[in-house]
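See structure below.
Bear in mind that the values in this text are calculations on the coordinates, not laboratory data. Here the structure is a predicted model, which is why all the values come from computation and not from measurement. Cβ sites come from the backbone with ideal geometry, for glycine too, and all protein chains shown count toward neighbours.
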Amino acid sequence: MGLTLVVDAVEASEMLGVEFYADGRDAPFYAKSRMVKRNREIMSFPGSTVPGTVRVTWRKNDSDGYRDQAGRIRYSAQIVGDHTIPIASRIPDEVVKEIRKNGGGLRLKFRLRSDGVLFGWDIERFEGGLPRHSMPGGDFLQTAY
């Protein structure tokens, strides 16, 4: 089952020095200096399994950035947003069964806002070269971006 990561923010929100961590790991799987609605990202999820939890942090500013030994951008300014949310347990078994039966990929969608993180999912299949989305769920149901 292919996994896609979708990250954006609600209108009029701005988060700086954003980092996503899976299942308590020390290294983030996603980092962005500035996240607002208009710079949403859609990419392959950097892993082959759905994480049990994801911790999302953002900072007071993004000017205290540095590169770690692996060359990844990291941030050291004061954390002002710190949210850990369950992921795998929220996705219904029916969604996974549908993907196994009829193909497609699972999109893990994160929408940041100043007071928290919204999480959603859907199935993505391509028909005639265009993406089609079904079975949305979670904190928001939008499938088009």
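So is Glu19 touching a strand residue (DSSP E or B) at 6+ places or on another chain (Cβ under 9 Å), of a type in the set (D, E, K, R) and either surrounded by fewer than 18 Cβ atoms within 10 Å (Cβ to Cβ) or under 24 Å from Arg125 (Cβ atoms) (or both) or not? Criteria not met by Glu19. With respect to the conditions (1) surrounded by 13 or more Cβ atoms within 10 Å (Cβ to Cβ); (2) more than 17 Å from Lys32 (Cα to Cα); (3) within 13 Å of the chain's Cα centre (by Cα), Pro86 lacks only one, and its number is (1).
Scanning the stretch 114-125 for residues that are surrounded by fewer than 20 Cβ atoms within 10 Å (Cβ to Cβ) and either out of contact with any Lys or Arg (no Cβ under 7 Å at 6 or more places or on another chain) or β-branched (Val, Ile, Thr) (or both) yields Ser114, Asp115, Gly116. Scanning the stretch 14-66 for residues that are part of a loop (DSSP other than H, G, I, E, B), of a type in the set (S, T, N, Q) and out of contact with any helix residue (DSSP H, G or I) (no Cβ under 9 Å at 6 or more places or on another chain) yields Ser48, Asn61, Ser63.
Checked against the criterion of being assigned to a loop (DSSP other than H, G, I, E, B), touching a Phe, Trp or Tyr at 6+ places or on another chain (Cβ under 9 Å), closer than 23 Å to Val18 by Cα and not basic (Lys, Arg), the candidates Phe140, Phe119 yield just one match: Phe140.
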